[in-house]
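**Q** Shown below is the structure under consideration.
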Amino acid sequence: MIDALLNLSAYCPGSVLDPVTREPITLERLEQALPPSLAALELSGEHWIPIPDDLREVFHGYRPTPLFEATAFAQALGTGCRIFIKDEGATPSSNHKANSAFWIAYHCARDGVREITTETTGNWGIALATAASRFGIQVICFIDEASVAARPDRVRLMEAAGARVEVVGPDTDDDSFDPLVLSANRAVSYTGKRPRSRYIFGSVYTYFIVPQTIVGLEARQQLGEVRPDVVVGSCGGGANLLGIAGAFLTEAIEYGTPTDVVCAESELCPIVSKGRMGEYSIDDQDFYPRLRTYGLDHLLGDDAYIGGLGSTIVAAPVARFHADGLIRTATFSDEEARSAAELFGRTQSRTVALETGYQLAAVVAEAERRPSGNILVNISSTGRGISYA
Ligand SMILES: Cc1ncc(COP(=O)(O)O)c(C=O)c1O
């Protein structure tokens, strides 16, 4: 059982900024936006964060998640590579977001928060509502119209998990405006000064990424003597990628043990390959902390739905590790993601979400590129209720 998690933000000090002064933010200012425990974590320079006992018990209820070898998928690809799958579809919300959701709900409850507002394209809302119900916290999910149209079951699943759902329509002439930012903005204004309500973002921030690192830490233990040559994760805000790859990235930094870490992204949102280093915010109200990291001005086109990979801001450690050459990118079309997900579904009898399709497309590319080697990837969601048609 894992009893401490990695804080990858310790490698990028000073990246959390005051939204108004643009100077490194003080704890006092951060506590205006975040519950005290999460604010302290956001600024922590510790490399390891212990898991509180009560949360260990919660995690123990569904972790470790299974790790299996996808032999039929590898055979269909005709590759000499071994493909190992860490199954985050086996969480209570059927996606990797559950790990952060329980962590956040637990700390919010401890800090006296009674209501959490958030933006989501679906998966995060389901995970947060599931976790918050356990701690007696009301969740309000803001979701954009395109996500509701693409995944009509999501609203029902969030409501079934106990959330109130607000659908956010476009309020701009710019069709390529990031729907996640739109929903985040709406959620931030709603939260305002509601006394026991806090806005929580569904990726990017340290409070979200630390609990995801359990995925890679567990996978490393489960693999035993087998060492992955390549670790693949899809990247929206970066928590999924840092979750599966974090343990291997820190080994590379601390001990010089190289692992090829591949960030799979959508060609409509090439956040890591084309993102520019700058100071970015998830709202335009100078409320939430600004981050020094990679960002994009907007999505590149609106002709395909990319769900949770449509984030125009990425976690600071992703930007840092990419700039340092520890992470490389692989960019895929919607077609390539769907076809990889379909092949995986046919060969392994498992459905996965579209976002997972992007990381499977990167696995396909790797398997074609190298004659042999061990590839590690996670299922970030089962894509419950999603059709590829
Ligand atoms: C199924 C799935 N996979 C991957 C991602 C990307 O995760 P992150 O935003 O942490 O990079 C998301 C985000 O919503 C998702 O829902």
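The values are calculated or read from the model by the stated rules, or taken from the named source; none is laboratory data. Treat the numbers as computed from the prediction; the structure is a model and nothing was measured. Cβ placement follows ideal geometry from the backbone for every residue including glycine, while neighbour counts extend to all protein chains displayed. Please note that ligands, DNA and RNA were not included when accessible areas were found on the heavy atoms of the full protein model with its side chains. Shrake-Rupley method; radii C 1.70, N 1.55, O 1.52, S 1.80 Å.
**Q** Just the number please: accessible area per residue for the chain, 1.4 Å probe, all protein chains included, in Å².
**A** Per residue, the chain has an accessible area of 37 Å².
**Q** Which value in nm describes the separation of the simple spin-label points at Arg227 and Arg56, placed 7 Å from the Cα toward the beta carbon?
**A** Once both label points are built, they end up 3.0 nm from each other.
**Q** Can you give me the Kirkwood hydrodynamic radius for region 286-375, using every pair of distinct Cα atoms, in Å to one decimal? Present the calculation step by step, with values, prior to reporting the outcome.
**A** Working: mean 1/r = 0.0656 Å⁻¹.
So the Kirkwood estimate lands at 15.2 Å.
**Q** Along Cα→Cβ, 7 Å out, is where each label goes; now give me the distance between the ones at Asp18 and Arg370 in nm to one decimal.
**A** Label at Asp18, label at Arg370, 4.7 nm between them.
**Q** Summing -39500 (n - 2.57) over the DSSP H runs of n ≥ 4 in the chain and dividing by its residue number, what mean residue ellipticity at 222 nm do you reach, to the nearest 500 deg cm²/dmol?
**A** When only DSSP H runs of four or more count, the value is -11500 deg cm²/dmol.
**Q** Which whole-number percent gives the relative contact order of the chain, counting Cα pairs below 8 Å spaced six or more residues apart? It would help to have the intermediate numbers written out before the result.
**A** On the way: 859 pairs, mean separation 81.5, N = 389.
Relative contact order of the chain: 21 percent.
**Q** Rg and Dmax of the chain, Cα atoms, in Å?
**A** Here Rg and the maximum Cα pair distance are 19.1, 58 Å.
**Q** Please compute the net charge surrounding Ile140, taking Lys and Arg as +1 and Asp and Glu as -1 over other residues with Cβ under 9 Å from its Cβ. Let's see the in-between values first.
**A** Numbers: positive: Arg164; negative: Glu115, Glu166.
Summing Lys/Arg as +1 and Asp/Glu as -1 gives -1.
**Q** Still on this structure: Setting aside same-chain residues fewer than 8 positions from Lys97, which lysines have a Cα under 22 Å from its Cα?
**A** Reachable lysines: Lys86.
**Q** What number results when the radius of gyration of region 186-296, computed over Cα atoms, is divided by 2.2 N^0.38 Å? Spell out each step's value before the answer.
**A** Values: Rg = 16.7 Å, N = 111, 2.2 N^0.38 = 13.2 Å.
Cα Rg divided by the expected 2.2 N^0.38 Å: 1.26.
**Q** Another question, if that's okay. Please work out how much length the chain gains when fully extended from Tyr255 to Lys193, using 0.36 nm per residue of separation minus the C-alpha to C-alpha distance, in nm with one decimal.
**A** Numbers: separation 62, 0.36 × 62 = 22.32 nm, distance 4.61 nm.
That works out to 17.7 nm of additional length.
**Q** Express the carbon and sulfur contribution to the solvent-accessible surface of the chain as a percent, rounded to the nearest whole number, probe 1.4 angstrom. It would help to have the intermediate numbers written out before the result.
**A** Values: 6980 of 14370 Å².
Carbon with sulfur: 49 percent of the solvent-accessible area.
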